[in-house]
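What follows draws every value from the coordinates through simple rules; no lab data is involved. None of these values were measured; they are calculated from a predicted model. Reconstructed Cβ throughout: ideal geometry from the backbone, glycine too, with neighbour counts over all protein chains shown.
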Amino acid sequence: MLLQIKNLSVSYKVPIGKVKILDNINLDIDKGEIVGIVGESGSGKSTLGHSIIKLNPPNAIYDTGEIIFDGKDILKLREEEFRKIRGAGIFMVFQNPLNSLNPVKTIRLQLLEALKVKQERDEKRIDDKEAEEIIINTVRDVRLPDPKEIIKKYPHQLSGGQIQRVVIAMALLLRPKLLIADEPTSALDVTIQAQVVKLFKQLRDEEGTSIIFISHDISLVYAIADRLVVLYAGRLMEDGKIENVIKTPLHPYTQGLISSVPTITKKEGELKAIEGNPPSFLILPSGCKFNPRCPKVMGICKEKEPQVIEKDGRKVRCWLYE
Ligand code: ATP
Ligand code: MG
């Protein structure tokens, strides 16, 4: 097991007090496993990603929980100890990829630094010419045009889509044990998206990298992930092998998410989006947080929140299965 998240709850401090976002998240990730995390906007996907790499905004608070990475609880490590893990151990492609780059260094320098971290980990030395070749090839792999020119530039001279690809190149050079990719291809067109999916799978196959792939786009997640985790209002609603979850989603929320994706259901004309909107974290409904929107709602759903239960190697948080 590479990563074990146990009972993780995270809140944000706001002017009116404290708002709990992540509620008792339990999640295990094996070496070499690609886990897709989906959920509507505001469900807590980025908060979960940031919490794992301890790069939350300053007003975030870890309420409870353990995050065991490679046998160590990273929440108990001192910052300088954790700094060694960040980068070579865990790397995150942020939803805003500019946050992963240094504005005053050229792309070339930043990619060389990423490569150096990896080489140091492997205790390998390569000459400058070889290093330059590796970074040029990686920049070409992520389909950036004119690699030799583009690496001379500074981040602000690139477009959003180009920056996204530079940060993906950085991840490929670093080859971390755990890669957290938060909407990594949102600014890229579909052919480049497919290439990134291929490169991430290759990284997993060659290096045994575990990947947390966060996305709105279930069909994209379906193309890459081994497992699917569904978040709603900061809660884990479902977790299972992707084939199983897509074919027979257990939670009505997952059923709703999937039936609104034409490329998966292949039933044109029958698409239905889930009605209503996710609740505000300030006024969460009692009982199951999805109950006001749930087509299968029962009396108990409005009174008591169901726990996550395990059923045939899958996890689901729903009264239908208790
Ligand atoms: P998206 O799909 O839009 O990226 P998400 O699933 O990544 O959404 P988060 O960014 O984790 O969601 O946000 C979860 C909730 O936490 C939202 O209600 C958001 O408004 C709130 N939130 C995020 N960052 C902060 C912060 N620094 N302070 C207060 N609230 C925050
Ligand atoms: Mg997000």
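Here is how the numbers come out for the structure above:
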quantity	calculated
Fully extended contour minus Cα-Cα distance, from LEU55 to MET298, at 0.36 nm per residue	83.5 nm
Computed [θ] at 222 nm, helices only, for the chain once each DSSP H run of length n ≥ 4 contributes -39500 (n - 2.57)	-10000 deg cm²/dmol
Modelled FRET efficiency - R0 35 Å, GLU123 with ARG78, Cβ distances, 0.05 increments	0.90
Which of ARG78, ARG83, ARG227 has the fewest Cβ neighbours within 10 Å, and the rest in rising order	ARG78, ARG83, ARG227
Cα→Cβ-extended label distance, 7 Å offset, between GLN4 and GLU149, nm	5.3 nm
Percent antiparallel among DSSP beta bridges (both partners in the chain, rounded to 5)	60 percent
Length-normalised contact order for the chain - Cα pairs under 8 Å, 6+ apart - percent	20 percent
Gyration tensor (alpha-carbon) shape descriptor, region 10-84, a/c threshold 1.5	oblate
Whichever lysines have a C-alpha closer than 18 Å to that of LYS201, once near sequence neighbours (fewer than 8 apart) are set aside	LYS31, LYS177, LYS241
Diffusion coefficient, µm² s⁻¹, Stokes-Einstein with Kirkwood Rh over alpha-carbon pairs of region 127-194 at 37 °C and 0.692 mPa s	259 µm²/s
Gyration tensor verdict on region 74-120 (Cα atoms; rounded if a/c is under 1.5, prolate if a/b is larger than b/c, oblate otherwise)	oblate
Rough spin-label spacing in nm, given labels placed 7 Å along Cα→Cβ, for ILE16 and HIS216	2.5 nm
Neighbour-count order for VAL93, VAL190, VAL230, fewest beta carbons within 10 angstrom listed first	VAL190, VAL93, VAL230
Whether the chain is rounded, prolate or oblate, judged on the alpha carbon gyration tensor where a/c under 1.5 counts as rounded	prolate
Theoretical FRET efficiency, 1/(1+(r/R0)^6), r = Cβ-Cβ of LYS241 and GLU113, R0 45 Å, to 0.05	0.75
Potential lengthening between ARG86 and VAL104 on full extension [0.36 nm per residue; Cα-Cα distance subtracted]	4.4 nm
Calculated from backbone phi, Karplus (6.51, -1.76, 1.60) coupling profile of region 25-42 in Hz, x at Gly/Pro	7, 10, 7, 10, 10, 7, 4, x, 8, 10, 10, x, 10, 10, x, 5, 3, x
Separation of the TYR321 and ALA187 label points, Cα + 7 Å toward Cβ, nm	3.8 nm
Ascending count of other beta-carbon atoms within 10 Å, so fewest first, for HIS156, HIS251	HIS156, HIS251
